[in-house]
Amino acid sequence: MMLASIAAVSCNTAQKDQGNPFFAEWQTPFGVPPFDLIENDHYMPAIDSGITAARAEIDAIVSSSEAPGFANTIAPFDRAGQLLNKVAYVFYSQTSANTNDTLEKLQMEVAPKISAFSDEMLLNAGLFARVKAVYENREAEQLNAEELFLLENLYKSFVRNGALLDSANQETLKKLNQEISVLMVQFGQNVLGETNDYKLVIDNEADLAGLPDGVIANAAEMAKAEGMDGKWLFTTQKPSMIPFLQYADNRDLRKKLYDAYLNRGNNGNDRDNNKILADLVRLRAERAKLLGYETHADLVLETRMAKTPENVLNLLTDLLGRALPVAKREREEMQQIIDAEGGNFKLAAHDWWYYAEKLRKAKYDLDETELRPYFTLDNACDGAFAVANRLYGITFTRINYIPLPHPDAQAFEVREADGSHVGVLYMDFFPRESKRQGAWCGGYRDHRVIDGKEITPVVTIVGNFTPPAEGKPALLSMDDVLTLFHEFGHGLQALFSDNTYGSTTVAWDIVELPSQIMEHWATQPEVLSMYAKHYETGEVIPQELIDKIRNSSYFNTGFDNVEIMAASLLDMAYYSLEAPAEVDVQKFEKEAMQKIGLIPEIEPRYRSTYFLHIIDGYDAGYYVYTWAAVLDHDAFEAFREKGIFDQATATSFRENVLAPMGTMDAEQMYLNFRGREPDIEPLLRNRGLN
């Protein structure tokens, strides 16, 4: 009866909304979303119907007369909500990479609705009673390792989300969760709006002095696209901003652009994020206290490899202590250049990129403009594909007959060496006003097995690289190449997932291992010779440039490490506050950075009011890039020892780290691959911090 009722709900809704593609099986290649058919007004009806269907599925579990067991409680709970998941994957991916005013308004409606439904599930006393019964009887269930891991973490998830609270406190928790969900959306929308709003328009050609021709050409095309033909446009998007900071001789304009970047969300306007962040910090501290934890950081870290805030702080402060002297030496070397040139000023934060570039050329005879012609976007993608092929035997074939999430995107079918289908990979790399900043890997469908049928993943890699100038391909910096390989590593992990169930539990500390280890291959001489080819001549990158890349590997390492440690410590400072956790954001940030001894010439990698990571997903978790760095440097040593394309090592890494992610204990995964605990020495050595 209940199953028939669920089917009727879906069927009736489909009849009412026959044009809504979410209510039909997708007749597309590989079952990808029919992006060309999905319209803004399709989302909310599908979300509402998805919630209704999932609610009925959960009611069926709770009302079952059978004694609770894995097969009649945990497995059907894992399968519940397929329609809701179907629309949510598309909705959240599109609001990140291809949003608009209508979708932004929808986000504000969807956030509290999804939060409320999540609470409804996790605070469902009848459902929790059945989950608890299965958990307490788990030894008798004779579960396999994945099922046991799923059960244990599902039970803990209910507890950590308030299942043991009394009804009054559960109501308080619901209100907190709803407020937090709305503030998270507001924060992100404000950052996107601030980023899109600022434009540095140059109409005097003399102000372009020092900029490479390619940077000038891109700025001219951006201005032309905005109806400002004959002028040059720069924005706070990093592909536009960083080259300007590196090369523009006009110091005042460098400061103007950098200050605009630093002050996003801190301009006292309707997109100001100071109060929003303060409220989020306060609400998350209240939530943690309600759930029985001292701080939000204690709550978050309990299920991670780090376990406690103290362990995180020990790692970060140790590395910061090693990196600060290096950064100070870098500062002194750049000040010497300023003095030698007759500059009557002290190095400031907005000067760092400009004089670092001069220092790189002076010390290593390496000019980034020499490298870019060898790093076209297509070449870099080919390089990443070639590495994956050498390691795992997989192939990537361009698909031209498939719906795309945006016209800029490309699609590839991924196959095993034997030709069997692995999944679909989308790649979308150019900035636009509808896309948030940064780079990330997401998905439109995750791997799982339902009723014996394997569901293959649909993965998307999104970036914000400099678009091609007229008559030229998109040319990447070395940092861009590393970013591409980084996100590609996330993509490989998603493609290789070998989970049966959808409810995976990933320790966030290890989630950056698959991405960061891929960066190591990008600069290996053997790999550079495979993909770094001059876009005009086809010449493979000469050994002289490869040597310069290798010799400059420690370049700016003080800056790089200090800015990421500063941001990580800022994140931990906010979320290590005990309730009531009242903060004045600007004052708190300043005092936190003074406390760690941050030098004024370096800002944290992200300032508070645009620090998107710590709002959604990496709260009390930005440290994971550093924690995972210990893992990735140690893991890559295994490849160095046997050869960077050693098949046995690659197979072990895939089987022990990439495939089981989220289905077993993270520490055990690493032990299974490496045979021992990770060693920090490779990280210290490779970053010049030992």
Checklist entry - Can you name the condition, by its number, that Gln586 falls short on among (1) without any contact (Cβ under 8 Å) to a residue 24 or more places away in the chain; (2) surrounded by fewer than 21 Cβ atoms within 10 Å (Cβ to Cβ)? => result (1)
Next on the checklist: Tell me yes or no: at least one residue of segment 401-414 is more than 22 Å from Leu476 (Cα to Cα), modelled with pLDDT under 95, touching a Pro at 6+ places or on another chain (Cβ under 9 Å) and not assigned by TED's automatic domain parsing to the domain that holds Pro33.
Outcome noted: yes
Checklist entry - Which one of these is buried (at least 18 other Cβ atoms within 10 Å of the Cβ), closer than 27 Å to Ser63 by Cα, β-branched (Val, Ile, Thr) and touching a Gly at 6+ places or on another chain (Cβ under 7 Å): Val191, Val134? => result Val134
Checklist entry - List the pairs whose first member sits in segment 30-55 and is at positive phi and aromatic (Phe, Trp, Tyr), whose second member is at pLDDT below 95 and buried (at least 16 other Cβ atoms within 10 Å of the Cβ), and whose Cβ atoms are under 8 Å apart, counting only residues at least 6 apart or on separate chains? => result none
Item to check | Residues of segment 415-457 that turn out to be over 13 Å from Val32 (Cβ atoms) and not in a loop (DSSP other than H, G, I, E, B), as a count | outcome: 12
Checklist entry - Is there a residue in segment 371-383 that is of a type outside the set (Phe, Trp, Tyr), surrounded by fewer than 17 Cβ atoms within 10 Å (Cβ to Cβ), more than 26 Å from the chain's Cα centre (by Cα) and more than 20 Å from Met518 (Cα to Cα)? => result no
Checklist outcome for this item: Those residues of segment 355-405 that are more than 30 Å from Ile338 (Cβ to Cβ) and of a type in the set (Asp, Glu) come to a total of 2
Item to check | Gly538 vs. criteria on the phi > 0 side of the Ramachandran plot and of a type outside the set (Phe, Trp, Tyr) | outcome: yes
Checklist outcome for this item: Pairs returned, first residue in segment 308-333 that is in a helix (DSSP H, G or I), second residue that is loosely packed, with under 14 Cβ neighbours inside 10 Å, beta-carbon separation under 7 angstrom, 6 or more apart or interchain, are Leu324/Gly597
Next on the checklist: Is it the case, given these coordinates, that Thr397 is assigned to a strand (DSSP E or B), of a type in the set (Ser, Thr, Tyr) and surrounded by fewer than 21 Cβ atoms within 10 Å (Cβ to Cβ)?
Outcome noted: yes
Checklist entry - Is there a residue being aromatic (Phe, Trp, Tyr), touching a Gly at 6+ places or on another chain (Cβ under 9 Å), assigned by TED's automatic domain parsing to the domain that holds Ala494 and without any contact (Cβ under 8 Å) to a residue 60 or more places away in the chain anywhere in segment 430-452? => result yes
Checklist outcome for this item: When every residue in segment 474-494 that is touching a strand residue (DSSP E or B) at 6+ places or on another chain (Cβ under 7 Å) and in a helix (DSSP H, G or I) is compared, the one nearest to Ala219 (Cα to Cα) is Glu487
Checklist entry - Do we find that Phe91 is touching a residue at least 40 places away in the same chain (Cβ under 8 Å), crowded, with 17+ Cβ neighbours inside 10 Å and within 30 Å of Asp616 (Cβ to Cβ) in this structure? => result yes
Checklist entry - So Tyr531 fits all but one of (1) in contact (Cβ under 8 Å) with a residue 12 or more places away in the chain; (2) surrounded by fewer than 19 Cβ atoms within 10 Å (Cβ to Cβ); (3) not acidic (Asp, Glu); what number is the exception? => result (2)
Item to check | Complete set of residues in segment 137-170 that are surrounded by fewer than 17 Cβ atoms within 10 Å (Cβ to Cβ), touching a residue at least 24 places away in the same chain (Cβ under 8 Å) and small (Gly, Ala, Ser) | outcome: Ala145, Ser157
Item to check | Leading residue by the ranking (surrounded by the fewest Cβ atoms within 10 Å (Cβ to Cβ)) among those in segment 287-307 that are touching a residue at least 24 places away in the same chain (Cβ under 8 Å) and either polar (S, T, N, Q) or on the phi > 0 side of the Ramachandran plot (or both) | outcome: Thr303
Item to check | Residues of segment 588-645 satisfying the condition of being of a type in the set (Asp, Glu) and either out of contact with any Asp or Glu (no Cβ under 6 Å at 6 or more places or on another chain) or within 22 Å of Pro325 (Cα to Cα) (or both) | outcome: Glu589, Glu591, Glu601, Glu603, Asp616, Asp619, Asp632, Glu637, Glu641
Next on the checklist: Restricting to segment 43-78, name every residue that is closer than 22 Å to Ala133 by Cβ, aromatic (Phe, Trp, Tyr) and within 30 Å of the chain's Cα centre (by Cα).
Outcome noted: Phe77
Item to check | Residue satisfying condition, being of a type in the set (Gly, Ala, Ser), at pLDDT below 95, out of contact with any strand residue (DSSP E or B) (no Cβ under 9 Å at 6 or more places or on another chain) and farther than 22 Å from Met222 by Cβ, within set Gly471, Gly393, Gly383, Gly452 | outcome: Gly452
Next on the checklist: I'd like to verify a number: residues in segment 340-360 that are within 23 Å of Val540 (Cβ to Cβ) and either surrounded by fewer than 15 Cβ atoms within 10 Å (Cβ to Cβ) or of a type in the set (Ser, Thr, Tyr) (or both), how many?
Outcome noted: 0
Item to check | Enumeration of residues in segment 524-563 that are closer than 30 Å to Leu301 by Cβ and in contact with a Pro (Cβ under 8 Å, 6 or more places away or on another chain) | outcome: Gly558, Glu563
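The values are calculated or read from the model by the stated rules, or taken from the named source; none is laboratory data. It should be emphasised that the depicted structure is a prediction, and the values quoted were computed from it without experimental measurement. Because the Cβ atoms are built from the backbone with ideal geometry, glycine has one as well, and the counts that use them run over all protein chains shown.
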